[in-house]
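Novice: Take this structure, written in structure tokens, and hold onto it; I'll ask about it next.
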Amino acid sequence: MKILVAVPTGETIEPECFKAIYDLDPAGHELMFDYVRGYDVAESRNQIVEKALACDSDYILFVDSDTIIPANTLELMFEEPVADVCLGVCPRKNTKEGKTAIIKAGTRGFSDGSYFYNELPDEKVQVKGGGFACALVSTELLRTMGKPWFRYAVYEDGSILSEDFFFCNNANFAHALIMADFRVRCGHLARYFQYE
């Protein structure tokens, strides 16, 4: 399979992030690397999708610029069942208690229902959605979804749905299989909590 490993970044890629991508085991796949810099994250992700479709990639592995992915990420994510979207697990922004950005299946919205590190299963589980700090996405799914794939949704009450949750919400409407592989435990450099 042809996989575009891509980093959406406003400024730079942290050296530890790039080293983790460099050390990534391709697990028999053809890997390409790219990044988009200088736009908001939603627009960067949309440009990455355009690149992946133009070069006929089978999947995109999104990696945030401050995320450290395990070397066996692809090997684990491609174990059966293979999902349309497979998420690695990272600490959520501004948390000191190990809250993740992975939302449990059956949860009504995206503001509640997060997994915490102290309750993670050691397997791949179907979920409602989650953050895209480490996310493998099928380009077949992307071709069936309408543009924009990513955007921030602002509601009348002032609440905001992030670009990755926006994508997951639409992927759910498209009946996509979204899973989190809780064996893919990533470090986040700009977070209070790091997975050991």
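Novice: Can you list the residues, at least 5 places off or on another chain, whose amide H is less than 5 Å from the amide H of Gly129, using H built in the peptide plane?
Specialist: The list, which skips near neighbours in sequence, is Ile103.
Novice: OK, next. I'm spelling it out carefully: the read-out is Rg and Dmax of the Cα atoms in Å, the candidates are (i) 16.8, 51; (ii) 15.3, 48; (iii) 16.2, 57, and one was derived from this structure. Which label?
Specialist: Matching the structure shown: (ii).
Novice: Tell me, in nm to one decimal, what length is gained between Asp112 and Glu11 on full extension, where the rule is 0.36 nm per residue of separation less the Cα-Cα distance?
Specialist: 33.3 nm
Novice: Find how much the distance from Glu80 to Ser159 grows on full extension, using 0.36 nm per residue of separation minus their present alpha carbon separation; answer in nm with one decimal.
Specialist: The Glu80-Ser159 span can extend by a further 24.8 nm.
Novice: Can you run phi through the Karplus equation (6.51, -1.76, 1.60; θ = phi - 60°) for the range 120-136 and list ³J(HN,Hα) in whole Hz, with x for Gly and Pro?
Specialist: My calculation for the range 120-136 gives 6, x, 9, 7, 8, 9, 5, 9, 6, x, x, x, 9, 4, 9, 9, 9 Hz in order.
Novice: Could you give the nm distance between label points at Asp122 and Glu97, where each point is 7 Å from its Cα heading toward the beta carbon?
Specialist: 2.6 nm
Novice: Sticking with this one: Taking amide H positions as placed in the peptide plane 1.01 Å from N, state which residues far from Phe33 in sequence (5 or more) or on other chains have amide H under 5 Å from it.
Specialist: Excluding prolines and chain starts, which carry no amide H, the hits are Val5.
Novice: Of the DSSP beta bridges with both residues in the range 2-188, give the percent that are antiparallel, rounding to the nearest 5.
Specialist: 55 percent
Novice: Let me ask another. Given axes a ≥ b ≥ c from the Cα gyration tensor, I'd like to know whether the range 34-89 is rounded (a/c under 1.5), prolate (a/b larger than b/c) or oblate.
Specialist: Oblate, since a/c reaches 1.5 and b/c is not below a/b.
Novice: Can you count the Lys pairs in the range 2-188 with C-alpha separation below 26 Å, eight or more apart or on different chains?
Specialist: 22
Novice: Which of Ser111, Ser162, Ser57 comes first, and how do the rest follow, when ranked by fewest Cβ neighbours within 10 Å?
Specialist: Least to most surrounded, the residues fall as Ser111, Ser162, Ser57.
Novice: If packing is taken as the mean number of other Cβ atoms within 10 Å per residue, what is the order of 82-88, 132-138, highest first?
Specialist: Highest-to-lowest ranking by the protection proxy: 132-138, 82-88.
Novice: Can you work out ³J(HN,Hα) from phi for every residue in the range 164-177, in order, using Karplus 6.51 cos²θ - 1.76 cosθ + 1.60 and θ = phi - 60°, giving whole Hz and x for Gly and Pro?
Specialist: Rounded to whole hertz, the list is 6, 5, 4, 4, 4, 4, 5, 5, 5, 5, 7, 6, 6, 8.
Novice: If amide hydrogens are placed 1.01 Å from N in the peptide plane, which non-local residues have theirs closer than 5 Å to the one on Lys124?
Specialist: It is Phe182, by chain and number.
Novice: How would you rank Tyr59, Tyr117, Tyr155, going from fewest to most other Cβ atoms within 10 Å of each one's own Cβ?
Specialist: Fewest to most other Cβ atoms nearby, the residues stand as Tyr155, Tyr117, Tyr59.
Novice: Got a sec to turn the phi values of the range 35-44 into Karplus ³J(HN,Hα) couplings, 6.51 cos²θ - 1.76 cosθ + 1.60 with θ = phi - 60°, whole Hz, x for Gly and Pro?
Specialist: Working through the residues one at a time gives 8, 10, 10, x, 10, 5, 4, 4, 5, 4 Hz.
Readers should treat all values here as calculations from the given coordinates under stated rules, not as data from a laboratory. Note that this is a predicted model, so its numbers are computed, not measured. Because the Cβ atoms are built from the backbone with ideal geometry, glycine has one as well, and the counts that use them run over all protein chains shown.
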